[in-house]
Amino acid sequence: MQYGHFDSEKREYVIDKPDTPAPWANYLGSPAYGAIISNNAGGYSFVKSGAAGRLIRYRFNEQDRPGRYIYLRDDKTNDYWSASWQPVGKPLDVYKSICRHGTGYTQIEADYKDIHSESLYYVPQDADYEVWRVKLTNNGKETRKLSCFGFVEFTCESFYEQDQVNLQYTQFITRTYFKDRFILQTINENCLNALNESRVETRFFGLAGAKVATYCGDRASFLGKYRDYGNPLSIENGKLDGTLNYNMNPCGALHTVLEIPSGKTVEFAFLMGQKRETAANELISRYEDASLPDKEIEQLKKYWHGKLANLKVQTPNENFNNMINTWNAYQCFITFVWSRAASLIYCGQRNGYGYRDTVQDIQGIIHLDPQMALEKIKFMISAQVSHGGALPLVKYDHNPGKEDKPEDETYRKSTGHPSYRADDTMWLFPTVWKYIAETGNAALLDEIIPYADSGEDTLFNHLKKAIGFSLNNLGIHGLPAGLHADWNDCLRLGAKGVSMFVALQLYYAFEIMIRFSKHKKDSAAEKEMTELKERFGKIIEERGWKTDRFVRGITENDETVGKPGDPEASLWLNPQSWAVISGFADEKRGGAILDLVHKELNTKYGARLMSPSYRKHAFDGALALLFNPSTKENGGIFLQSQGWIILAEALLGRGGRALEYYLESCPAAQNTIADTRLMEPYAYSQFTESVDSPFEGRSHVHWLTGTASTVMVGSVEGILGLRPDIDGLRLTPAIPKDWKSFTMEKTFRGNKLNIKVNNPDGKECGCKKLTVNGTAMEGNYIPASVLKTENEVILEM
Ligand code: NOJ
């Protein structure tokens, strides 16, 4: 079943069947103000933090309600409907709905009884409020007398958990007022008098471009007894009763009456945000100018499309193109901004950036916005503790030099993170390498950046400290301890047990530090890193390789996890792909282990994280046992890991396999099996249920997942073969034999590269000839020094 299609021209996903198998969401806004909205206008908004800045309510894990609702009512027939199919839910044989999700905006269009409505939801660029622009057209012959109602359900408190559970407090701290064109909600308003201004919060819901006829600020009065958002009594009655809440549950509801002659269109806008009365008033006045929303949408499109245009590909695979050019790229920016903090499943417990998640997320946008990436790299480096470990959770208002750390009770209490993770700082190496390679900005290595607790150092020394942290936390056999967790949150290998994933990451870190040392002409560091690489290489070879595979780890009781013959979890995906990515496995062995993965772990929906799933034979630290077999870390298809197997196959030049893995888990490629997949066909999810599950192919945990960045890197560096280094760009695609040619437009260090790849002989990799502006290059390498502002690049494979 298909519920929508990609409009690649407009960079939109268009949902023309509103009864999607799950709420299909989009993200609006910026770090200042975030909003998540579904194709039925469900969702919520927040200021800075989904956990601590929640403005409106959303009931998770239910019917995609409430949301940003616009109700329409024919005041002659008393019939009413909503401008999004839900919540009123008119029969779909008489009600037509189209939802256009775009980059930073969502437009929901509906046609019912000759009234065409368009509700355009967006957050103006860098603004901290949202706009719902409504257009109503009478396509009938008679003039229509309509009522339009806008509705939001405010939270009583910005801290989500407080609003949801501490009712004996939050139900008695808020009230609403009607201020001519808007509802004003106050929280703890008495603190104004007590000179504790900052405690007071005020939110507004306003109407511009139309006159408020009736209003309501009290949820119970808006809905009516035993009524729901689908059939509010006030809408049925055709007017709001003017009740304003004083304690209990607030809402913002405004009603305007419209007379629309045949063929005419009327438009106005609802606005919502966290503002004081004066500011709210000024804002609404600005939107009396009906031309403003179109200007702002053009600005938003220009902003986002401008970023996405830094890489535009045209390959024979439309699904690949749609994801790389628009949706995977947009998702990378969304994970970059919101980490794992606010979605329709992450409901707001996490109040900050997960260290490993964010350092990985940065990789997904480096090729599109290196400057934005640079700021976050420095921010995350400043969240490294002076002994080299990283704060597992970094607060949005992180204050370098003054932060508590996992050793401190205060940190553990406020973040819920008891101790360091073995892999957090390991992600700094590929991320810093990718940034410096993309930009050539190696001077960053000498930039002084503070530590989270105290002191400061050059970025290069921060990286050395990160290696020091791993070397000071070695387990048995002298390999890196797995500590509280490595990348896999469900593996507790502890201070003695060792992680082969971290060992391979450390091996790769040494390689990257050798490259940086060579560039800095720091021979002492180069020597030190080379010796460490050799030393650990020997131990990995001795302890990490068993017959035909790399094991996953060794427990503190010296049990090897992931070896041939283990009754469960005998083969793990990540050690195999990372043996190739880290350069530890040579081409021959790399090919063999990836063939084993393809044979044992691959399925039609992607490669499983490990197999067989745990049921009976899990060691103490194997928390994956908590999940049903073939679910999440317990042998599910953990989609983030698909990015690494795609990259590994591509690094070995096996383009056919790389794209096979790509398409198996590509949302766009599952657009016609939406009832199986459930999740959005334009955004990656965290995992897909696999072979042990009766629901094989069903995906979960949408949007906020590291899959976005790893698949982007696997696609751009792997399949498309755009592999920059400090001095230039290596162009080495790994593509399926049937891709006879493809093109790319890439911005590289401010220069435009129009790249044409020809593959007449149906190769998967290789370079017969590479020319730049007609000049032959040596091999497949383009020194940055030869580039002009605009360049014609032709690669013959
Ligand atoms: C999701 C977490 O956000 C991420 O940090 C972790 O690496 C994966 N789960 C795997 O456990």
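Under 16 Å from a point 7 Å along the Cα-to-Cβ line of residue 378: which residues of region 394-409 have their amide N that close?
Label zone hits: 398-401.
Probe radius 1.4 Å, ligands and nucleic acids left out: which of 165, 691 has the largest accessible area, and how do the rest follow?
165, 691
Looking at the chain, which longest stretch skips every one of the chymotrypsin sites (Phe, Trp or Tyr not before Pro) that is in a DSSP loop with at most 16 other Cβ atoms within 10 Å, leaving the sites themselves out?
Longest gap between qualifying sites, sites excluded: 397-694.
For the chain, with the dipole built from +1 on Lys and Arg beta-carbon atoms and -1 on Asp and Glu ones, taken about the Cα centre, which of 221, 311, 482 lies farthest toward the positive end?
311
Could you tell me the calculated FRET efficiency between residue 141 and residue 675, based on Cβ-Cβ distance and R0 = 51 angstrom, to the nearest 0.05?
Plugging the Cβ-Cβ distance into 1/(1 + (r/R0)^6) gives 0.80.
Roughly how much of residue 598 is accessible, in Å² to the nearest 10, using a 1.4 Å probe?
Accessible surface of residue 598 is approximately 50 Å².
Normalised by the number of residues in the chain, what is the relative contact order in percent for Cα pairs under 8 Å and 6+ residues apart?
Reported relative contact order: 10 percent.
Using a 1.4 Å probe over the heavy atoms of the protein chains, calculate the carbon and sulfur portion of the accessible area of region 704-797 as a whole percent.
51
From the phi angles alone, apply the Karplus equation (6.51, -1.76, 1.60; θ = phi - 60°) to region 153-168 and give each ³J(HN,Hα) in whole Hz, x where the residue is Gly or Pro.
10, 5, 7, 8, 7, 6, 6, 3, 5, 4, 4, 7, 10, 8, 5, 5
Might you report the magnitude of the Cβ-based charge dipole of region 629-782 about its Cα centre, with Lys and Arg at +1 and Asp and Glu at -1, to the nearest 20 debye?
About 680 debye.
Explain nothing, just the number: dipole magnitude of region 125-245 about its Cα centre with +1 on each Lys and Arg Cβ and -1 on each Asp and Glu Cβ, in debye rounded to the nearest 20.
800
What residue among 718, 107, 279 has its Cα farthest toward the positive end of the dipole of the chain, where the charges are +1 on Lys, Arg and -1 on Asp, Glu, each on the Cβ?
Value: 107.
Just how far, in whole angstrom, is region 447-494 from region 411-434 if you go by their alpha carbon centroids?
8
Among 417, 160, 138, whose Cα sits farthest toward the positive end of the charge dipole of the chain (+1 at Cβ of Lys/Arg, -1 at Cβ of Asp/Glu, about the Cα centre)?
Farthest along the dipole direction, towards plus: 138.
Starting from the residue with the highest accessible area, list 357, 595 in decreasing order, probe 1.4 Å.
My answer, sorted largest first, is 595, 357.
Modelling each spin label as a point 7 Å along the Cα-to-Cβ direction, I'd like the residue 168/residue 531 distance in nm, to one decimal.
So the two model labels end up 6.4 nm from each other.
Which whole-Hz ³J(HN,Hα) couplings does region 509-525 yield from phi under the Karplus relation 6.51 cos²θ - 1.76 cosθ + 1.60, θ = phi - 60°, glycine and proline marked x?
Each residue of region 509-525 in turn: 5, 4, 4, 5, 5, 5, 4, 5, 5, 4, 5, 7, 6, 9, 5, 5, 5 Hz.
In region 252-374, carbon and sulfur make up what percent of the accessible area (probe 1.4 Å)?
With neighbouring chains kept in place, the figure for region 252-374 is 50 percent.
DSSP loop GluC sites (Glu not before Pro) in region 515-612 with at most 14 other Cβ atoms within 10 Å of their Cβ, which ones?
For GluC sites (Glu not before Pro) across region 515-612 that sit outside H, G, I, E and B with at most 14 neighbouring Cβ atoms in 10 Å, the list reads 559.
Enumerate the calculated ³J(HN,Hα) couplings along region 385-399 in order (Karplus 6.51 cos²θ - 1.76 cosθ + 1.60, θ = phi - 60°), each rounded to whole Hz, writing x wherever the residue is Gly or Pro.
Going residue by residue, I get 7, 5, 8, x, x, 10, 5, x, 10, 10, 5, 4, 9, 4, 10 Hz, with x marking Gly and Pro.
Could you calculate the contour length gain from residue 19 to residue 59, that is, 0.36 nm times the residue separation minus the distance between their Cα atoms, to one decimal place in nm? Don't skip to the answer; put the middle values down first.
On the way: separation 40, 0.36 × 40 = 14.40 nm, distance 1.83 nm.
Contour length minus the Cα-Cα distance gives 12.6 nm.
Please give the net charge around residue 37, taking every other residue with its beta carbon less than 10 angstrom from that of residue 37, where Lys and Arg add +1 and Asp and Glu add -1.
0
Quick one: length gained pulling residue 259 to residue 236 fully straight, 0.36 nm per residue minus the C-alpha distance?
Gain on extension, residue 259 to residue 236, equals 6.4 nm.
Roughly what would the spin-label model give for residue 248 and residue 773, points 7 Å off Cα along C-beta, in nm?
7.4
Can you give the extra length, in nm with one decimal, that the chain gains between residue 127 and residue 289 once fully stretched, where that is 0.36 nm per residue apart less the Cα-Cα distance?
The residue 127-residue 289 span can extend by a further 56.6 nm.
Heavy atoms only, probe 1.4 angstrom, no DNA, RNA or ligands counted: give me 5, 617 ranked by accessible area, highest first.
My answer, sorted largest first, is 617, 5.
So which trypsin sites (Lys or Arg not before Pro) in region 321-420 are both in a DSSP loop and have at most 14 other Cβ atoms within 10 Å of their Cβ?
402
Just to verify a number: what accessible area does residue 625 come out at with the full protein assembly present, 1.4 Å probe, Å² rounded to tens?
Surface accessible to solvent at residue 625 totals approximately 80 Å².
At a 1.4 Å probe, what is the % contribution of carbon and sulfur to the accessible area of region 156-248?
Of all accessible area on region 156-248, carbon and sulfur atoms account for 52 percent.
Quick check: pseudo-label points 7 Å beyond the Cα along Cα→Cβ at residue 302 and residue 447, how many nm apart are they?
Here the modelled spin labels are 2.8 nm apart.
Roughly how many debye, to the nearest 20, is the charge dipole of the chain about its Cα centre, given +1 on each Lys and Arg Cβ, -1 on each Asp and Glu Cβ, and no other charges?
500
What number does region 1-117 give for Rg over Rh if you use C-alpha atoms and the Kirkwood radius?
Working: Rg = 14.9 Å, Rh = 15.0 Å.
Radius of gyration over Kirkwood radius for region 1-117 works out to 0.99.
Normalise the Debye intensity by I(0) for the chain, one equal point scatterer per Cα, no solvent, then take log10 at q = 0.05, 0.06, 0.10 Å⁻¹ and round to two decimals.
-0.28, -0.40, -1.07
Taking a probe of 1.4 Å, how large is the accessible area per residue of the chain, in Å²?
35
The values are calculated or read from the model by the stated rules, or taken from the named source; none is laboratory data. Just so you know, these numbers come straight off a predicted model, no measurement behind them. A quick note on method: Cβ atoms are made from the backbone with ideal geometry, for glycine too, and the neighbour counts reach across all protein chains shown. Ligands, DNA and RNA are stripped out before the accessible areas are found, and what is left, the full protein with its side chains, is counted by its heavy atoms. Shrake-Rupley method; radii C 1.70, N 1.55, O 1.52, S 1.80 Å.
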